[in-house]
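The values are calculated or read from the model by the stated rules, or taken from the named source; none is laboratory data. Not measured: the values here are computed from a predicted model. In this analysis, Cβ positions are derived from the backbone assuming ideal geometry, glycine residues included, and neighbour counts consider all displayed protein chains. Just the protein is used for accessible areas: all its heavy atoms, side chains included, with ligands, DNA and RNA removed. Shrake-Rupley method; radii C 1.70, N 1.55, O 1.52, S 1.80 Å.
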Amino acid sequence: MTPSLVPLYLRSRRLPGTAAALAVLFAVSRWGADRLVDRPFFESGARVPMVVLVPVLVAAVTGLSLHSRSGELDRSAPLPWWRWRGAHLLALTGLAVLWLGTALPGDPAHFGAPTLVRGVLGFTGLAAAGAALLGARLSWLPPVVYGGTVYLAAPRTPGGAAAVWAWSMQPGAQPAAWATAVLLFAAGAALVAVRGPAADGAR
């Protein structure tokens with residue numbers, strides 16, 4: 001990146017506001033994790049809403065940050081935008097993973113921090129793909145719709161085919177769930193880095 005262009009890029013994507021929104025979300029997640037521990041009948045299942053909802057919200061905020069107030073100008077500028085967009089997405093995702101990886105106490109073998117991190121990767125990939133296909137302003141739609149649907153439809157028994165299609169609801173290591181989430185992140189990040197967010201109103 002050209003150093004002199006970094007502040008302009010940050011302002012055009014409203015990244016200071018995005019960072020503030022993520023900071024609030026991280027603080028709320030930490031508070032929510034502490035409240036879960038204080039519950040008299042605390043069990044791993046009590047964490048499920050948090051390990052689904054928080055990554056969905058992180059992904060939605062990250063996807064919205066890909067919107068540019070100067071989209072047409074960006075598309076005409078002779079700059080390696082894929083690098084800028086890739087660094088943008090990796091920086092926000094890395095920040096979320098580092099922070100949320102320590103946010104949830106309890107047994108990681110069930111619904112602990114690893115599940116939270118996996119959710120951030122997978123849902124952010126869906127948001128990035130949504131930005132590339134639907135536009136950044138609608139990038140929240142795929143993670144919200146998918147996350148809500150799987151939360152309601154996922155079977156109680158983990159593993160099997162559900163480890164792939166219901167990866168966000170899988171406890172523990174679950175290699176298939178991790179592979180799916182990482183693949184979604186890599187595909188979504190690559191798609192939005194190369195193509196950029198779709199123009200507003202483009203479908």
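Averaged over residues, the count of other Cβ atoms within 10 Å places the peptides 168-174, 23-29 in the sequence 168-174, 23-29, highest first.
Leaving ligands, DNA and RNA out of it, report the carbon-plus-sulfur percent of the accessible area of region 119-203 at a 1.4 Å probe.
Working: 2780 of 3850 Å².
In region 119-203, the share of accessible area belonging to carbon and sulfur is 72 percent.
Restricting attention to region 111-182, which trypsin sites (Lys or Arg not before Pro) occupy a DSSP loop and are surrounded by at most 14 other Cβ atoms within 10 Å? Present the calculation step by step, with values, prior to reporting the outcome.
Working: sites: Arg118, Arg137, Arg156; in loops: Arg156.
Passing both the DSSP loop test and the Cβ count: Arg156.
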